[in-house]
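One structure is given below, encoded as C-alpha cells.
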Amino acid sequence: MKSILIVEDDRALGDGLCLALKGPEAEPALCRTLSAARSALAAGDFDLLVLDVNLPDGNGLDFLRQLRAGGGGIPVILLTANDMETDIVAGLESGADDYVTKPFSLAVLRARVNAQLRRTESRGEGAAVVLDGFSFDFDRMEFRRDGRLVDLSKTEQKLLRVLVENRGRTLPRELLVDRVWTDGAEYVDENALSVTVKRLRGKLEETPSKPRYLKTVYGIGYTWTTGEKEG
C-alpha cells in the first residue's frame with residue numbers, strides 16, 4: 001500500500017484529491033497547512049507528497065527547499081496556479097519531481113502520481129536501469145542499446161545518469177550544468193551542455209534529429225521521457 005500526503009488548503013479540492021487518489025494500492029492523507037504537513041512527515045513514512053504552492057501559513061516552495069535541504073528524498077508533485085515559465089523553473093530547481101498547473105484534470109494528476117510511484121519502485125541501488133531497448137549500468141559504466149555496447153564519455157555518462165534518474169521530469173539547463181560539471185561549473189559555457197546532448201543523442205537515439213527519449217523542452221531544458229515500457 002502506497003501512502004500519499006496531500007497538502008492543499010482548499011477544502012473541496014483537497015477532498016476531491018483524496019477521493020481521486022484513493023484505491024486498492026494507495027491511501028491518501030490530507031493536510032491543510034504546512035504546519036500539519038511537517039507533523040505528518042515527522043510521524044510517518046510517505047511514498048509521495050502532493051504539495052500546493054500557496055498555503056495559509058507559508059509558501060510551498062520554501063517548504064520544499066527546507067525538505068530537500070534536510071535530506072528529504074520523497075517524490076514531490078507541485079500544485080500551482082502559476083504557469084509562467086519562471087514559476088515552473090523555480091519549482092523544479094527547488095526540488096520538485098513534477099508539477100501540475102491549476103485548473104487540472106484529476107485523471108491527469110492521477111496518471112502523474114502513478115508515474116512517480118512506479119518510478120520510485122523501479123529505482124534500486126546498484127542495479128542497472130532497463131528501459132525499452134536500453135540498459136544503463138552506471139556502477140559498471142556499461143551501456144547498451146538493443147543489446148549492443150555503447151561507448152560514452154564520462155561527461156556523457158554523468159548527463160545521462162542525471163536525466164535517467166529524473167526521467168519524466170524537465171531539468172533546467174542551469175541545473176544540468178551544475179550537476180554534470182561539478183568542478184568549476186560556473187566557468188562552463190552552456191554551449192558545452194548543448195554539445196553533450198547532441199553527442200548523447202547521436203549514440204542513443206535511432207533518429208537524433210527527431211529524438212524519442214532525450215527531448216528538449218524549449219525555454220527550460222531537457223527531459224528523458226517515460227513513455228517507454230520500463231523493465
Inset, instruction - Leaving out ligands and nucleic acids, note down the accessible area per residue over the chain with a 1.4 angstrom probe, in whole Å². - result: 52 Å²
Legend entry - Approximate spin-label separation Ala29-Arg68, in nm, with each point projected 7 Å along Cα-to-Cβ: 2.4 nm
Inset, instruction - Keeping the other protein chains in place, figure out the carbon and sulfur percent of the accessible area of the chain, with a 1.4 Å probe. - result: 48 percent
Inset, instruction - Could you tell me the distance between the Cα centroids of region 74-114 and region 1-52, to the nearest Å? - result: 15 Å
Inset, instruction - Starting from the Cα of Asn114, step 7 Å along the direction of its Cβ; do the same at Arg145; then give the gap between the two resulting points in nm. - result: 3.0 nm
Legend entry - Net length gained if the chain between Ser153 and Thr86 were fully extended (0.36 nm per residue, minus Cα distance): 20.9 nm
Inset, instruction - List the lysines whose Cα lies under 23 Å from the Cα of Lys215, skipping any in the same chain that are fewer than 8 positions away. - result: Lys154, Lys158, Lys198, Lys203, Lys229
Inset, instruction - Compute from the Cα atoms of the chain the Rg and the Dmax, the latter being the longest Cα-Cα distance, and quote both in angstrom. - result: 18.5, 54
Legend entry - Theoretical FRET efficiency, 1/(1+(r/R0)^6), r = Cβ-Cβ of Asp9 and Ser209, R0 41 Å, to 0.05: 0.35
Inset, instruction - Could you work out how far helix 60-69 tilts from the main Cα principal axis of the chain, as a 0 to 90 degree angle to the nearest 10? - result: 60 degrees
Inset, instruction - Could you work out which residue, out of Ile220, Ile88, Ile77, moves most in a Gaussian network model of the chain, that is, has the largest mean-square fluctuation with Cα springs under 10 Å? - result: Ile220
Inset, instruction - Using only Cα atoms, tell me the angle between helix 34-43 and the longest principal axis of the chain; keep it within 0 to 90° and round to the nearest 10. - result: 70 degrees
Legend entry - 0 to 90° range, to nearest 10: angle between helix 191-204 axis and the chain longest Cα axis: 80 degrees
Inset, instruction - Would you calculate, for the chain, the mean residue ellipticity at 222 nm contributed by helices, counting each DSSP H stretch of 4 or more residues as -39,500 (n - 2.57) and dividing by all residues, to the nearest 500? - result: -12000 deg cm²/dmol
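The values are calculated or read from the model by the stated rules, or taken from the named source; none is laboratory data. The model shown is predicted, which means the values in this text are computed figures rather than measured ones. Because the Cβ atoms are built from the backbone with ideal geometry, glycine has one as well, and the counts that use them run over all protein chains shown. The area values use the complete protein model at the heavy-atom level, side chains included, leaving out ligands, DNA and RNA. Shrake-Rupley method; radii C 1.70, N 1.55, O 1.52, S 1.80 Å.
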